[in-house]
Each structure stands twice: as C-alpha cells, then as structure tokens.
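Taken together, the values in this text are just the output of simple stated rules run on the coordinates, not laboratory data. Please read these numbers as outputs of a predicted model, since none were measured by experiment. Glycine gets a Cβ as well: all are built from the backbone with ideal geometry, and neighbour counts include every protein chain shown.
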Amino acid sequence: MINEIKQDAEKRMKKAIEMLETALARIRTGRAHPSLLDTVMIDYYGSPTQLKQVANIGVEEGRTLTVSPWERHLIPVIEKAIMSAGLGLNPSTSGELIRLPLPPLTEETRRNLTKVVRQEAEQGRVALRGVRRDANNDLKELLKEKAVSEDEERKGQDDMQKMTDKYVQMVEALAEKKEKELMEV
C-alpha cells in the first residue's frame, strides 16, 4: 500500500519536472534552438498539428532558425502560425525555406525572462508540494482505516518529504541553469 503511494507520487513528481523542462525550453536565450518552435501548431488538413511534424527545423549561423516545409502550400500557413505564436519572431521566406532570425536580447529583456524562469520554477515547486500533500493524505487515510500503523505512516511521510526535497533540488538546478544561459551575452 505505502509503496504504491510512493511510486505514484514519484511518477507524478517526474511528470512535474518534465513539464518544467518543457516550459523552460520555450523561454528563448538568444541562441537559435529548434525547441523554440515546439509549441507552434498549424492547421494541417483541418487538424492542429505540431510544426515539427510537417517541416524540417534547423539552425543556421547560430542565431537563425530555418523551417523547410515538406509541402510547398504550407509556407503561408506556417508563417502565420509562427507570427501568432507570440515568440517575437518575424519569418522571412525565400523560395521553399522560411528563415527566422532571432534578435539579440537586451539587458531588460534578459531580466524579465529570468523573472519568468523564477515563476516557472515556483510553479514546479508548488506542483511537487501538491503531490506530497496528496500522498500524505493517502497515508493518513490508510492510518484511519487501520491498514497501517502510526510508525509506518510516519515513515511514509518522512520518505515523501525526502523525495520532495530531492525533486525540489532538481527544480532549483534547472532554474539556475536557465538563468545562467539567459544572462550570458
């Protein structure tokens, strides 16, 4: 019983870390990286589809992303989707290739982006604490039902705290790494 609760909590905590990594990948650091376009969705024959599923995305000269659609008629659709994605990128098309130059980040923009990183990290910590709370409530339910002893319940809560601390440290490390990337000129 207790092991099942721990396994479920660990699975949910890993998912929270994955969500944080995804959120941090969306924050651009001034360097071109194909993951910047992961959230861009286009209308492909009536269904929303990720851009990376209908085009090759590459990096050119370190500060420019290139998008090469597999079907030529998708070029205007892709341009429109990129501009409406809120990434601050302006596509320029030359033939069958869409280029997305990344403007350099100003000091003020960098500071604002570090605030966003901190907010994302805090959301990650809140998610981890929510998982811990749910697991502790499950342990208390087992104690009420007399399925476990008080000592087992206490040990389970201690284990949950250690697991939460471990994942919170992961959140801190991810946020710190992203902030360093942002502040590099």
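To the nearest 0.05, how large is the calculated FRET efficiency for residue 172 and residue 77 if R₀ is 41 Å and r is the Cβ-Cβ distance?
In this case the efficiency is close to 0.50.
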When 1, 13 are arranged by how many other beta-carbons sit within 10 Å of their Cβ, fewest first, they go 1, 13
Counting other beta carbons within 10 Å of each residue's own, what order do 33, 73 fall into, fewest first? 73, 33
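Can you list which of the GluC sites (Glu not before Pro) found in segment 67-106 are DSSP loop residues with at most 15 other C-beta atoms within 10 Å?
Working: sites: 71, 79, 96; in loops: 71, 96.
Of the GluC sites (Glu not before Pro), the ones in loops of segment 67-106 whose Cβ has at most 15 other Cβ atoms within 10 Å are 71, 96.
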For segment 47-115, state which trypsin sites (Lys or Arg not before Pro) are in a DSSP loop and have at most 16 other beta carbons lying within 10 Å of their beta carbon. 63
Cα-Cα P(r), segment 117-185, percent of pairs per 5 Å interval: 3, 17, 20, 16, 13, 10, 8, 6, 4, 2, 1, 0
So the FRET efficiency between residue 47 and residue 11, C-beta based with R0 = 41 Å and rounded to 0.05, is 0.85
Two pseudo-spin positions, 7 Å from Cα along C-beta at residue 19 and at residue 68, lie apart in nanometres by 3.7
Using only the alpha carbon atoms of the chain, find the Kirkwood hydrodynamic radius as the inverse mean reciprocal pair distance, in angstroms to one decimal. 19.2
Mean residue ellipticity at 222 nm from the helices of the chain, using -39,500 (n - 2.57) per DSSP H segment of n ≥ 4 over the full residue count, to the nearest 500 deg cm²/dmol? -20500 deg cm²/dmol
Relative contact order (%) - segment 34-101, alpha-carbon pairs under 8 angstrom, separation at least six: 28
Going by average Cβ neighbours within 10 Å, how do the peptides 146-155, 3-12, 120-129 rank, with the highest at the top? 120-129, 3-12, 146-155
Taking one equal scatterer on every alpha-carbon of segment 34-101, how large is log10 of I(q)/I(0) by Debye at q = 0.11, 0.12, 0.13, 0.28 1/Å? -0.21, -0.25, -0.29, -1.52
Report the normalised scattering of segment 1-66 as log10 I(q)/I(0) at q = 0.12, 0.20 Å⁻¹, calculated by the Debye formula with identical scatterers on the alpha carbons. -0.50, -0.86
For the pairs 11/166; 52/166; 144/166; 80/177, flag any whose C-alpha to C-alpha distance is greater than 24 Å. 52/166; 144/166; 80/177
